[in-house]
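**Student:** For reference, the structure I am asking about is given below.
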Amino acid sequence: MKPLGKLRLGVNIDHVATVRNARGGDTPDPLRAAKLAEEAGADGITAHLREDRRHISDADIEGLMQMLRVPLNFEMAATEEMQRIALRHRPHAVCIVPEKREERTTEGGLEVAREENRLAHFIAPLREAGCRVSIFIAADARQIEAAHRIGAQVIELHSGAYCDAHHEGRFDDRDRELEALREMSSFAHSLGLEVHVGHGLTYDTVKPVAAFPEVMELNIGHFIIGEAIFRGLAPAIHEMRRLMDEARAPEQA
Ligand code: PXP
């Protein structure tokens, strides 16, 4: 199968806000990072407004909505508060993620299958407001079928287990996780869902995932923001873009 189109890169700016909040002031400014990312060729900006506001703030979301020319992918938990905020701003996309206060990052995918009814009701007004609704899930056929049944247009597959296995040198596990991502991308696409992938991706892990023809978007944050310390944000993004393009069309790269 030929790739379905140009692979989009969504740059997640949460961790610019993490550094800002470590000192409680105004710098570094995530909006400035978003602007720079946009100028460096990001196809979208992703930001997760957590219930505990540990990184992105309500004012950041407000600012991003006013300033961005590329689409905002607003990550949020399925709570009434977040639904109200999303309906007020009507971002291009809303990605529903599981959230636990005690976790350091989004550890797993959403349990859609167990909460189908509630989530169907939860996302309906978001869709009616014109947001593209994405559900962040593990590479698991049950969850994909449930996401499809509740009316999501997009799924984002959690690549954390694949990336962790790679960086920990557990290569059999890595290959198994990668195979699950590949199979489930294809399965989700066959149901008519748009497929995104994200979490934990680095220069070392991005290419095999970028090569999956059904994947339309990668959302990458922590590694790019970390790499920006060493080479600057724009060059860090350019290198990710280069690797994605190389994986997508090796003969043209
Ligand atoms: N996609 C989703 C749904 C996420 O929750 C996150 C982390 O906030 C990312 C992508 C980006 O992950 P990372 O920061 O590890 O690149």
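**Student:** Only helices (runs of 4 or more DSSP H) wholly contained in the stretch 122-233 count here; list those with 2 or more residues that are within 16 Å of the ligand (Cβ to nearest atom) and either without any contact (Cβ under 8 Å) to a residue 12 or more places away in the chain or over 24 Å from residue 2 (Cα atoms) (or both).
**Tutor:** Because the criterion is at least 2 residues that are within 16 Å of the ligand (Cβ to nearest atom) and either without any contact (Cβ under 8 Å) to a residue 12 or more places away in the chain or over 24 Å from residue 2 (Cα atoms) (or both), the helices (runs of 4 or more DSSP H) in the stretch 122-233 that meet it are 141-150, 160-167, 222-231.
**Student:** Can you find, within the stretch 84-101, the residue that is nearest to residue 124 (Cα to Cα) among those that are within 14 Å of the ligand (Cβ to nearest atom) and charged (D, E, K, R)?
**Tutor:** Per the criteria, the residue is 99.
**Student:** Which pairs turn up if I take residues in the stretch 84-104 that are free of Cβ contacts under 8 Å to residues at least 60 places away in the same chain and over 19 Å from residue 150 (Cα atoms) and look for partners that are of a type in the set (Gly, Ala, Ser) and away from the ligand (no atom under 15 Å from the Cβ) with beta carbon separation below 7 Å, at least 6 apart in sequence or on another chain?
**Tutor:** Hits for this filter: 90/129; 90/130.
**Student:** Just name the residue that is farthest from the ligand (Cβ to nearest atom) out of those in the stretch 1-24 that are open to solvent by 40 Å² or more (accessible area, probe 1.4 Å) and modelled with pLDDT of 95 or more.
**Tutor:** Selected residue: 23.
**Student:** Quick one: count up the residues across the stretch 209-236 that are more than 19 Å from residue 55 (Cβ to Cβ), within 18 Å of the chain's Cα centre (by Cα) and open to solvent by less than 40 Å² (accessible area, probe 1.4 Å).
**Tutor:** 9
**Student:** Name, by its number, the condition in (1) open to solvent by less than 50 Å² (accessible area, probe 1.4 Å); (2) at pLDDT below 95 that does not hold for residue 101.
**Tutor:** Condition (1) is where residue 101 drops out.
The values are calculated or read from the model by the stated rules, or taken from the named source; none is laboratory data. Here the structure is a predicted model, which is why all the values come from computation and not from measurement. Note that we place each Cβ from the backbone using ideal geometry, even for glycine, and neighbour counts take in every protein chain shown. These area figures cover heavy atoms from the full protein model, side chains too; ligands, DNA and RNA do not enter into them. Shrake-Rupley method; radii C 1.70, N 1.55, O 1.52, S 1.80 Å.
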